[in-house]
1. With an 8 Å Cα cut-off and a minimum separation of 6 or more residues, compute the relative contact order for chain A in percent.
2. To test your reading of the geometry: what angle, between 0 and 90 degrees and rounded to tens, separates the Cα axis of helix A:56-66 from the longest principal axis of chain A?
3. For A:GLY85, list long-range residues whose amide hydrogen, built 1.01 Å from N in the peptide plane, is under 5 Å from its own amide hydrogen.
4. Give the peptides B:216-225, B:327-336, B:398-407 in descending order of average Cβ contacts within 10 Å, highest first.
5. Give the percent of DSSP beta bridges with both residues in the protein assembly as shown that are antiparallel, rounded to the nearest 5.
6. How large, in Å, is segment B:211-261 by the Kirkwood hydrodynamic radius built from its alpha-carbon pairs?
7. Going by Cα centres, segment A:448-509 and segment B:214-289 are how many Å apart?
8. HN-Hα J couplings of segment B:219-225 from phi, Karplus 6.51/-1.76/1.60, θ = phi - 60°, integer Hz, Gly and Pro as x?
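What follows draws every value from the coordinates through simple rules; no lab data is involved. The structure presented is a predicted model; accordingly, all values stated were derived computationally and were not measured. Every residue, glycine as well, gets a Cβ built from its backbone with ideal geometry; the counts of neighbours run over all protein chains shown.
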Amino acid sequence: MRRSLLLTTALALACEGSIGDPTPYDPSDPESCRRTGRCESVSGPPQTSAYPRLSHPQWENTVRDLFGWDELPGLSATFAADPSGTTNFDNDGTVLQVTSNHWADYQSAAEVIAARVIDDPAAKARMTGGSSEPRALYEAFLHRAFRRPARAGEVDTYVALHEQGPTHYPALPAFDAGLRLALEAILQSPFFLYRDEDGEVRDGVVQLDSHQLASRLSYALWDTMPDDTLFAAADDGDLESSDGLRAQTFRMLDDDRARAKVEDFHRQLFELETYDAITIDGFSNDLGRTMRLETERFATSVILDDDGSLQDLLTAPYSYVNEELAELYGLEGVTGTELRRVDLDPTQRAGLFTHPGFLARKRGDTAPILRGVYLNMRVLCASLPTPPVFEPPVQRGTTRRERVDSVTGLGTCGETCHAGVINPIGFAFETFDDEGRWRDTDNGVSVDATSSYWFGDEEVAYDGPVELMGAIASSDMAHRCYAQNWMEFAFGRPLQTRDVATVESIAKGSLTEGWSVKEILAALVDSPSFRTRAPLPEEE
Amino acid sequence: MAKQAKKPGFGRRLFLRGAGTAVLGLPFLESFVRAPRAKAAPSDYSFAVWCRQANGVAQADLQWDEARAEPDLFWPTATGRLTRESLAAMSTQALSELADHADVLLPVAGLRFPFPGNGCGHSGGGNQVLTAARVSDTPSGNESLSMGESVDNRLARELASSTTEPLTLFTGRKSGYLPEVLSYRGPRDLRAAENDPFLVYSRMVGMSGRSDEEVNAARLRQASVNDLVREQMTWLLSRDLSGADRRRLDLHFSAIRDLEVTMGCNLPAMREMELDGVDPLSEGNYQVVTQMHIDVIAIALSCGYTRSATLQMGNGNDGTQHVIPGVNGGAALPRYHQISHRIFSDGSEGDPIAGAHGLHHQVDRMHARLFKYLLDRLAERTTPDGDRLLDVGTACWTNDLGAGVSHTYNNVPFVFAGSLGGNLAVGQYVNVREGNTYLPHNRMFNTILSAAGVRKGDGSLVDDFGDESLPRGLLDAMVDPSGPAWS
């Protein structure tokens, strides 16, 4: 469950204090702020760890890129699990630790990787840079492995360990034995496993240096270590200027590693993997997966190929379909299993939430409620309390809307959240059946997809999904929510009150100036929240 | 039953066992980590295992609607002495499944969680079930966390074994909504649970089966690497760090362990293959995987790898569709969470599930049989001293709710088996409720900790586990005064 740090809406207040949410409002408390949407912006840099641990996907990507492999090592699938954090994503660094199980896993993996590198001439060359002189070799390699220049004495330490190699691996050539032993140690070093963001605290602020910025940037945009170009930019101090940082950002956004990151963001935020389980009679078993691929392809294409905006994501009347999806859209002339771009009926379809995957994900009489909850929480970052438990009332009505209204509408126990917040969004999608096809009638009765919703202090009326998505795309709430989620995903930590000003500013640019998503990302990494940090507060 | 797709070139067995690598081996007995505090345990192998079922049990749910209270189908029908015959005769009750172990049973009724949840009953229950601590103000709802240490963590810290981390296991696929809930290092510091029994097992026995020469070579090599990593960690810890960062790096530093001599603690080869082949995330494997976790727990206890373990069966609001032979024609039941709500919904609106109370009872019985599987293993296996595990330790089957519909925190079941070296008054069913007042469950933890030999700094019995506002002391009804821990 996600809550908004930023909403200042009548919507949030509509549910506040209702069943299941008894906590009083405290404007100075970050969680109260997240829950109620009423926040006090706090100045100063965000309070973050000096040593955030790599997430398991980051570990995979980093090892791959350290040795120039095409494929991921695939070892983290067996690593000890990490606790769930409080963001929508799997990379909340506030809960990532090295327990005894993690340590055992890192140790085993380091030994496997070291053995593999020694047996892989290309990887070995990537490690040595062609040098057979240990001092030069480790000076260059540690720079990449630790993502900063080696500190005084570090090279000596690894050279000394290298020289012990033949003792421990007598069957290997001496040089290989040294490489293997040293590599085992490097991959278990805290300087490899953590991102080093330590630094001198002046007036409560740590200013990140060039290499720390490069590392932050590469994990924010790529989920992996910097490439040689970014290392060079850090070495030259280019990242200390706004222009230098932005230049690297836009360069990196053109790389496939950014495509993977953008795809992963939307997959996690919008729970696209749940599409995989969708089946429809008469369609292939690949249908659910194809629905996920459609939305992933659409999102990355809008953002990275077309330099599109959040507005485009939510409203663009085109998509990527194959023959099976085309049937659900009512399109003709699309054959085969490959996805290809098609224009859709702009009176019926608008953006990724009119894709069949979203529409077929939840079915039956609870579908409008679940769609409404989903968009409230994932797109608008609205606060909804836990559903109460009480004796179920009897449903009545011919259409699904009537039946849902009969148990959750005005005059029922659920009216506080359902009638005012959840159902108005869910009802707009009643123009679709449970398989994502357009429909004009429900059980022989004309579909009623009209409703209205409070966006902030403005009530907006709409008729159907296209108008709803247009309203959402024009709302301050959606732009704040999207910017907030990107900050949490890119920075790998929950939002703080100290981030509010940054997110407000980006949301304003996205809404009023039509910033592209690339521009949103560039603004995020060119913000004070990115360049500085403060030590974590002491817990009570 | 098929495994998830694996990355090319790296099978699990290859990675864990066949690449010339080592993980932490089982300990040489003399090298056990010795905890700093005084102990009074009669055995160096006393332990506690905590098994948790979700969604309450099918007992009278007075919090829901007293006038229409469902009949109790869980507890023994009368307090007092339990025998195999008497318990078997209570065939309508879920606990009758445990009749074979009646002589070591100690079901404790009348306990409650002391604090309210914070927006999500399941989460608030999970936060308290092993901690007796408050539920966090922030975060709240399904993200709420415990504000205190859990008993398994305390036991792992205090009792000597090869690791200071308790085994923390989980059956099923973790939902994003409410996954693991049990084990806390401290306030808001939730420990992740592991849901693949093969990985846990492999980590324990990694060097087992290798020659002494191989083990010695690995030990020397790893010691060289560990020395270097320890130096780096020491340097980091010398920095001006925030308290949170220091705790995080301290945990890492303490996790670095040198390889110790392994013992021949393996499951039979056939069972190893079954562990390797099972899909731990498949809903249909719920009972199979739970039994595998139990096998891992039993071997870990018998070999001294750990003396503290939790097994969380299902998510925080477990929605598994159980398949129970002889129930529902052998077809999958409705989702367990929905059964506990008695409606086809995870919320408050939905069609009634016919016979939901009876289905909930059948799910209870299934968990009782899984708990019996644990007791059978603890009865079969011995400590290195030759004592039966079931005699030197205790296992507890509990829940993070009392009953499902109301999500009550009253009368939460704590069913113990095993006397902890003669220190618990087993072979009886006790109800500690005082009149209409349920007792906060912290005193139960004080009893278990003290019976296991844990003492406060001054050498006295532990009487203060959980939130500091709770009444201190032990639960006398659980104590066998003739036990060595009390002398």
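1. Values: 902 pairs, mean separation 112.7, N = 540.
Once normalised by length, the contact order is 21 percent.
2. 40
3. Correct list: A:ASP92.
4. On the way: B:216-225: 18.2, B:327-336: 15.1, B:398-407: 26.2.
In decreasing order of mean packing, B:216-225, B:327-336, B:398-407 become B:398-407, B:216-225, B:327-336.
5. Numbers: 40 of 62 bridges.
Here the share of antiparallel DSSP bridges comes out near 65 percent.
6. Details: mean 1/r = 0.0822 Å⁻¹.
Computed over segment B:211-261, the radius equals 12.2 Å.
7. 44
8. 5, 5, 5, 5, 5, 4, 5
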